[in-house]
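What follows is one structure encoded as structure tokens, with my remarks underneath.
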Amino acid sequence: MIENTLKRPDCDVRYWFAKGGEHPLVFLHGAGCDHALFAPQFPAFAEETVIAWDARGHGESRLDKEFVFSDMLDDLSALLDDLGICKATLIGQSMGGNLAQAFCKRHPSRVEKMVLIDCTRNTQRLSPIESFTLKLTKPLLALYPFKTLVEQSAKQCGLREQTRDYARDVFYRSSKDKMVEITLAVLKCLEEDKGYTTPVPTLLLCGRQDVSGNIRKSMPKWAESDPNCRLVWVENAGHCSNLDAPEFVNGEIEGFLRAV
């Protein structure tokens, strides 16, 4: 894959690109991570046109201003324009899945399909307990020492030690203030829209042992209520199920992409 830079007004967004088939795949990583989150997926789709980035404020895409979730929507649109891509399949994990949903809602004609890995539904209705818990996120995170925050977050990411090692390494390259800022910014993408359904075929992948937020509870309800969504459980996997069970996840994605 060729590494390049997308010049944005307030951030140089680093991305990786490989030209292949006529149906581009865009990989969107989770909060605090970078493009290497999908390292086990890239070889499996080597014949496809693949795009992956370090989202603003992550990895090599340094950001000196406040992280704003909606800015990534503009970044993604600009990146596709720059590469001459009119329509793509979005593959997002956690925050990347929230971004894919938001982009699809704003630009449905630019999305062919979606693969959403271990992420919650943007338009769901939160229970009173869930809403109350979200309000506590900021003061609770403020109590955590950085090392504790990193170690507990890495443990939540997966069951395999390799998954936790990756998460631990990438989180330590950030800072507590930046991790908290990004976490709180991502929560702002949750906006109830009772009548909304996904306009494109969507594969939902959820680690059976995902303990992050309400994801394991949200994804089955999502699949039941949205005719364009299909849920597949990933056994022996946590929040980063694509890292915990890469062969299974790659197979499910490949089958989904080939389906008419």
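Sequentially through region 191-205, phi angles give Karplus couplings (6.51, -1.76, 1.60; θ = phi - 60°) of 9, 4, 8, 4, x, 7, 10, 5, x, 10, x, 9, 9, 9, 10 Hz, Gly and Pro residues having no value and appearing as x. Take every Cα pair under 8 Å whose residues are at least 6 apart in sequence, average their separation, divide by the length of region 141-260, and the relative contact order is 27 percent. Sorting R125, R216 by solvent-accessible area of protein heavy atoms yields R125, R216, largest first, with a 1.4 Å probe. Only Lys, Arg, Asp and Glu carry charge here, each on its Cβ (+1 for the first two, -1 for the last two); on that basis the chain has a dipole of about 700 debye about its Cα centre. The mean sequence distance of close C-alpha pairs (under 8 Å, at least 6 residues apart), as a share of the length of region 1-92, puts its relative contact order at 34 percent. Neighbours of A52, meaning other residues whose beta-carbon lies under 15 angstrom from its beta-carbon, give a summed charge of -4 when Lys and Arg score +1 and Asp and Glu score -1. Which shape class, rounded, prolate or oblate, goes with the chain when its Cα gyration tensor gives a ≥ b ≥ c as root eigenvalues, a/c under 1.5 marks rounded, and past that a/b bigger than b/c marks prolate? Cα axes put the chain in the rounded bin.
Taking Cα centre as origin and charging only the Cβ of basic (Lys, Arg, +1) and acidic (Asp, Glu, -1) residues, the dipole magnitude of region 3-89 rounds to 40 debye.
Among L231, L204, L140, the sequence by solvent-accessible area, most first, with a 1.4 Å probe is L140, L231, L204. Averaged over its residues, the chain has an accessible area of 47 Å² per residue, based on protein heavy atoms and a 1.4 Å probe. Using a probe of 1.4 Å, the accessible surface attributed to T183 totals some 60 Å² when neighbouring protein chains are kept in position.
In the chain, helical runs assigned H by DSSP with n ≥ 4 each contribute -39500 (n - 2.57); averaged across all residues and rounded to the nearest 500, the mean residue ellipticity at 222 nm is -12500 deg cm²/dmol.
Structure remark: mean-square fluctuation, Gaussian network model of the chain, C-alpha springs under 10 Å; the largest value among Y144, Y166, Y15 belongs to Y144.
Judged by the gyration tensor of its Cα atoms, with axes a ≥ b ≥ c, region 176-260 is oblate; a/c meets the 1.5 cut and b/c is at least as large as a/b. Does region 183-225 classify as rounded, prolate or oblate by the C-alpha gyration tensor (a ≥ b ≥ c root eigenvalues; a/c under 1.5 gives rounded; else a/b over b/c gives prolate, otherwise oblate)? Taking the square roots of the gyration eigenvalues as a ≥ b ≥ c, region 183-225 is oblate. Backbone geometry of region 78-86 corresponds, through the Karplus equation with coefficients 6.51, -1.76 and 1.60 at θ = phi - 60°, to 3J(HN,Hα) couplings of 5, 5, 4, 4, 5, 8, x, 9, 7 Hz, x marking Gly and Pro. If you average the C-alpha positions of region 1-76 and of region 153-187 separately, how far apart do those two centres end up, in angstrom? About 17 Å separates the Cα centre of region 1-76 from the one of region 153-187. Rounded to the nearest 5, the antiparallel percentage of DSSP beta bridges internal to the chain is 35%. Relative contact order of the chain: 19 percent, from C-alpha pairs under 8 Å at least 6 residues apart in sequence. Solvent-accessible area assigned to carbon and sulfur over the chain amounts to 52 percent, based on a 1.4 Å probe. Subtracting the Cα-Cα distance of A46 and E191 from their residue separation scaled by 0.36 nm leaves 48.6 nm.
The values are calculated or read from the model by the stated rules, or taken from the named source; none is laboratory data. Since the structure is predicted, the reported quantities are computational estimates derived from the model, not experimental observations. Cβ sites come from the backbone with ideal geometry, for glycine too, and all protein chains shown count toward neighbours. SASA here: full protein model, heavy atoms, side chains in, ligands and nucleic acids out. Shrake-Rupley method; radii C 1.70, N 1.55, O 1.52, S 1.80 Å.
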